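Here the structure is laid out as structure tokens; the discussion comes afterwards.
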Amino acid sequence: MMNNSQIIIEPKDTDELLRIQEARIIRIIEAIQGIQKMKEWQVLKEEIFDGLTHSLEKEIKNEARSENPNVLKLTRLSGKIEWAEKYADLSKLENNYRSQLVNIKLKLYGEQA
């Protein structure tokens, strides 16, 4: 039986994992940028995502003000808001990945990244 607590990750291995992660994030950022340029995304954004967070917040407020608020419903709506805030605005999503990329580059290349 192997004791995993004794496995030591060499710095080289860590750097390789960071490079793989760096490449993955760069591909994601490029995909997000490509999607943002598509007219189909603009239609989806206008018809589905614009105002989604606002309507979910309104629904949460209404439920919270009710005589017997449903905790499960409030939790579910809260999760939907979190999702909407993260994925409905692609520029925010891109910035999130850019921040991750900066952190990886700092670990890999130091301050000159």
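Does the stretch 61-68 contain any residue that is in the same structural domain as residue 100 (by TED's automatic domain parsing) and among the aliphatic types (A, V, I, L, M)? Within the stretch 61-68, none of the residues are in the same structural domain as residue 100 (by TED's automatic domain parsing) and among the aliphatic types (A, V, I, L, M).
Pick from 93, 106: which is surrounded by 15 or more Cβ atoms within 10 Å (Cβ to Cβ) and under 21 Å from the mean Cα position of the chain (by Cα)? Working first, answer last.
On the way: 106 fails: surrounded by 15 or more Cβ atoms within 10 Å (Cβ to Cβ).
Step by step, each of 93, 106 is checked, and only 93 is surrounded by 15 or more Cβ atoms within 10 Å (Cβ to Cβ) and under 21 Å from the mean Cα position of the chain (by Cα).
Restricting to the stretch 1-57, name every residue that is modelled with pLDDT of 90 or more and in a loop (DSSP other than H, G, I, E, B). Residue satisfying the conditions is 38 alone.
Being assigned by TED's automatic domain parsing to the domain that holds residue 30, part of a loop (DSSP other than H, G, I, E, B) and at pLDDT below 95 is a condition met by at least one residue of the stretch 91-113. Assess whether residue 83 counts as being over 21 Å from residue 19 (Cα atoms), surrounded by fewer than 14 Cβ atoms within 10 Å (Cβ to Cβ) and among the hydrophobic types (A, V, I, L, M, F, W, C). So residue 83 fits the description; yes.
Could you tell me how many of the residues in the stretch 58-90 are assigned to a loop (DSSP other than H, G, I, E, B) and either over 20 Å from residue 37 (Cβ atoms) or at pLDDT 95 or above (or both)?
Of the stretch 58-90, the ones assigned to a loop (DSSP other than H, G, I, E, B) are 66-70, 88-89.
Those left that are additionally either over 20 Å from residue 37 (Cβ atoms) or at pLDDT 95 or above (or both): 66-70.
Total satisfying the criteria: 5.
The values are calculated or read from the model by the stated rules, or taken from the named source; none is laboratory data. Please read all numbers here as calculations on a predicted model, not as lab measurements. Positions of Cβ are generated from backbone atoms using ideal geometry, with glycine treated the same way; all protein chains shown enter the neighbour counts.
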